[in-house]
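K.L.:
Attaching a single structure in structure tokens format; questions to follow.
The values are calculated or read from the model by the stated rules, or taken from the named source; none is laboratory data. Worth saying up front: this structure is predicted, and the values here are computed from it rather than measured. All Cβ positions, even for glycine, are placed from backbone atoms using ideal geometry, and neighbour counts span all protein chains on display.
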Amino acid sequence: MRSFSLILTALALAHSHLSASTIDAEIFLKKAVTEVAHIADASENSSALASKVRPVLVNVISFELMTRRAVGLGWKKFNEAQIKEATDLFATLIIRTYSSKFTPGEFPEITYKPAILVAPERIEIPTRILYRGSQYEVIYRQEKSVDWRITDVVIEGVSLIATYRTQLDAQFKQGGAPAVIGALKKAVAIRQ
Amino acid sequence: MKNTKLELSVGLFVVLGIAAIIYLTIQVGTGSMLSGDTYLIESRFANAGGLHSGSAVLLAGVTVGRVEGIRMEPSDYSAIVTLRVLSSLRLPTDSMASIKTTGLIGDKFVSLSPGADDTYLKSGSRITLTESAVDLESLIGKMAFGTVEKEKAQQDTK
């Protein structure tokens, strides 16, 4: 009887810990998305938005982890300078690409679904976003090291990381780290 | 006496032949013909539509495993796909699993993409970085017919 009570208590504690984690992650995401949406709403154009939103996004998105995962296996061959350069370029590319999707004066209507704990310190928050008359299913993947950070975004079933990994892995196989950095520079230049 | 022995041998040969055909049919059908040792890993997908037991698991276009089974996770209604992959394949923990299609309307398969972590997936580990099957019909539908909200917004502006 005593051991049964202990098991029940342990389960209850584990559940409360999971709930606390998911709530933290949900609050974090809602705050970040609302902040970005307000900046987007107040910005006059997409290039102004990109520069205004960057200081916010570097605190909510783990660009280093994203870049590492987007490059994949080849990342182990990058030296310190190449890691820094690739991360900066990838962050710029992502911010510019998504800034161009926003229209000033349009505010997205976001419905948050319950968070799913997929592994310890890893969470997925499915959302439904209604923006400029169209509806999108977006899943935010978050991980916790010190704080929660967004590590991937899945739009209509297509993962940002998977999309870039296919392209950057091909670049790496052709010419190593310099080829990946070259491809990122080109992509950033196109979106200027 | 000699004829009986011959008939028995022929009969035994036929029975063994049929047994071999049945065995091969089952093995090919379930896709479990992988040479060498294997281990099991799991992948969590929001949608595993079109995938079935025996579907191929590819890495760089090479078959490295098979789908062992698919079950529903009742807590979040996701699909847990069990993959049987070759033991010689060491997959970093941040590897990705995507459900892809051979051609436009071909069979579904799981495509693995190795990550950059220094730790590796062990038997029974789960891949959480996944990309589900893209619902092509629904995407085409959205493109072709738009959405209710869009039409409503257009009506509001008139």
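K.L.:
Considering only region A:87-128, state which residues are small (G, A, S), away from chain B (no Cβ under 12 Å) and outside any loop (DSSP other than H, G, I, E, B).
P.N.:
Initially, region A:87-128 is screened for residues small (G, A, S), giving A:91, A:99-100, A:105, A:115, A:119.
Imposing the further condition that a residue be away from chain B (no Cβ under 12 Å) reduces the set to A:91, A:99-100, A:105.
Matches in region A:87-128: A:A91, A:S99.
K.L.:
While we're on this one: For residues that are assigned to a helix (DSSP H, G or I), within 14 Å of chain B (Cβ to nearest Cβ) and buried (at least 16 other Cβ atoms within 10 Å of the Cβ), tally how many sit in region A:65-86.
P.N.:
Adding up the residues that qualify gives 14.
K.L.:
Would you check which residues across region A:38-59 are surrounded by fewer than 19 Cβ atoms within 10 Å (Cβ to Cβ), within 17 Å of A:I110 (Cβ to Cβ) and within 15 Å of the chain's Cα centre (by Cα) and list them?
P.N.:
A:V56
K.L.:
Take region A:87-103 and flag every residue that is among the basic types (K, R) and either crowded, with 18+ Cβ neighbours inside 10 Å or more than 17 Å from the chain's Cα centre (by Cα) (or both). Lay out the reasoning, then the answer.
P.N.:
Kept after step one, since they are among the basic types (K, R), are these residues of region A:87-103: A:96, A:101.
Result: A:R96, single match.
K.L.:
Assuming B:T93 fulfils every condition listed in (1) modelled with pLDDT of 90 or more; (2) more than 12 Å from chain A (Cβ to nearest Cβ); (3) touching a Ser or Thr at 6+ places or on another chain (Cβ under 9 Å) apart from one, which condition is it?
P.N.:
Here B:T93 clears every test but (2).
K.L.:
Okay, next question. Go through region A:146-173 residue by residue and tally those that are touching a residue at least 60 places away in the same chain (Cβ under 8 Å) and of a type in the set (S, T, N, Q).
P.N.:
So the count comes out to 1.
K.L.:
Among the residues of region A:54-70, are any touching a residue at least 24 places away in the same chain (Cβ under 8 Å) and among the small types (G, A, S)?
P.N.:
yes
K.L.:
Considering only region A:39-53, state which residues are in contact (Cβ under 8 Å) with a residue 24 or more places away in the chain and either touching a Phe, Trp or Tyr at 6+ places or on another chain (Cβ under 8 Å) or over 23 Å from A:Y140 (Cα atoms) (or both).
P.N.:
Listed by number, the residues that qualify are A:A40, A:D41, A:A42, A:S43, A:E44, A:N45, A:S46, A:S47, A:L49.
K.L.:
Let me ask something additional. Looking at (1) in contact with a strand residue (DSSP E or B) (Cβ under 6 Å, 6 or more places away or on another chain); (2) modelled with pLDDT of 90 or more, which is the only condition A:V118 fails?
P.N.:
The number of the failed condition is (2).
K.L.:
Could you grab me the full set of residues in region A:129-188 that are assigned to a helix (DSSP H, G or I), among the hydroxyl-bearing types (S, T, Y) and either under 20 Å from A:L57 (Cβ atoms) or more than 14 Å from every other protein chain (Cβ to nearest Cβ) (or both)?
P.N.:
Correct list: A:T163, A:Y164.
K.L.:
Could you list, in sequence order, the residues of region B:112-127 that are within 10 Å of chain A (Cβ to nearest Cβ), hydrophobic (A, V, I, L, M, F, W, C) and outside any loop (DSSP other than H, G, I, E, B)?
P.N.:
Once the filter is applied, which keeps residues that are within 10 Å of chain A (Cβ to nearest Cβ), hydrophobic (A, V, I, L, M, F, W, C) and outside any loop (DSSP other than H, G, I, E, B), region B:112-127 yields only B:I127.
K.L.:
When you scan region B:87-102, how many residues do you find that are surrounded by fewer than 20 Cβ atoms within 10 Å (Cβ to Cβ) and within 16 Å of the chain's Cα centre (by Cα)?
P.N.:
Counting residues in region B:87-102 that are surrounded by fewer than 20 Cβ atoms within 10 Å (Cβ to Cβ) and within 16 Å of the chain's Cα centre (by Cα) gives 3.
K.L.:
Across region A:139-158, which residue is farthest from the chain's Cα centre (by Cα) among those that are under 20 Å from B:I99 (Cβ atoms), of a type in the set (A, V, I, L, M, F, W, C) and surrounded by fewer than 17 Cβ atoms within 10 Å (Cβ to Cβ)?
P.N.:
The qualifying residue farthest from the chain's Cα centre (by Cα) is A:V158.
K.L.:
Kindly list the number of the only condition in (1) modelled with pLDDT under 85; (2) touching a Ser or Thr at 6+ places or on another chain (Cβ under 7 Å) that fails for A:E44.
P.N.:
Among (1) modelled with pLDDT under 85; (2) touching a Ser or Thr at 6+ places or on another chain (Cβ under 7 Å), A:E44 violates only (2).
K.L.:
Does A:G176 satisfy the condition of being touching a Gly at 6+ places or on another chain (Cβ under 8 Å), surrounded by fewer than 20 Cβ atoms within 10 Å (Cβ to Cβ) and free of Cβ contacts under 8 Å to residues at least 12 places away in the same chain?
P.N.:
No: the conditions fail for A:G176.
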